[in-house]
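Here's the structure we're looking at; comments come further down.
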Amino acid sequence: MNKKSGSSKAAADKLVKNIRRKTRQTYSAEEKIRIVLAGLRGEESISALCRREGIAESLYYSWSKEFLEAGKRRLSGDTARQATSPEVKELRSESMALKECVADLTLENRLLKKSMTGVGGYEE
């Protein structure tokens with residue numbers, strides 16, 4: 001009988017964990033920033049803030065650390081834009097190649113028009 005109660009307890013624990021996992025709240029970046037800024041203001045203790053928001057203090061401190069590190073990187077100018085430097089160089093070289101191609105085709109088109117209409121200019 002003891003064996004059955006142990007297996008049912010394990011099944012119940014597993015069910016509870018699955019429910020908690022599926023009902024876990026996810027926070028948007030704006031919500032995280034709002035919570036971290038409220039903690040940085042110091043109007044209430046971090047523990048009270050975390051209780052009110054329903055988060056663990058460790059989660060608050062990890063968000064706070066990420067927030068401050070991102071600000072530090074941004075202020076020091078170390079941030080790379082979404083288009084990294086090699087991507088920008090590649091796009092610029094592709095743009096130059098395309099411009100050269102357009103220039104060549106335009107020149108060829110003008111020469112063909114001149115040869116079709118004679119020595120003069122364009123036929124209008």
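A short reminder: the numbers here are calculations on the coordinates, not readings from a lab. Here the structure is a predicted model, which means the values were calculated and not measured. All Cβ positions, even for glycine, are placed from backbone atoms using ideal geometry, and neighbour counts span all protein chains on display.
Counting only the Cα atoms, the chain fills a convex hull of 320 Å³ per residue. When +1 charges are put on Lys and Arg Cβ atoms and -1 charges on Asp and Glu Cβ atoms, the dipole computed for the chain relative to its Cα centre reaches about 1340 debye. Rounded to whole numbers, the Karplus 3J(HN,Hα) couplings from phi for region 89-96 are 4, 5, 5, 5, 5, 5, 4, 5 Hz, using 6.51 cos²θ - 1.76 cosθ + 1.60 with θ = phi - 60°, and x at Gly and Pro. Projecting the Cα atoms of L49, P86, V102 onto the charge dipole of the chain, computed from C-beta unit charges around the Cα centre, puts L49 farthest toward the positive end. Between the Cα long axis of helix 29-41 and the first principal axis of the chain there is an angle of about 60°, rounded to the nearest 10. Against the main long axis of the alpha-carbon atoms of the chain, helix 2-22 sits at an angle near 40°.
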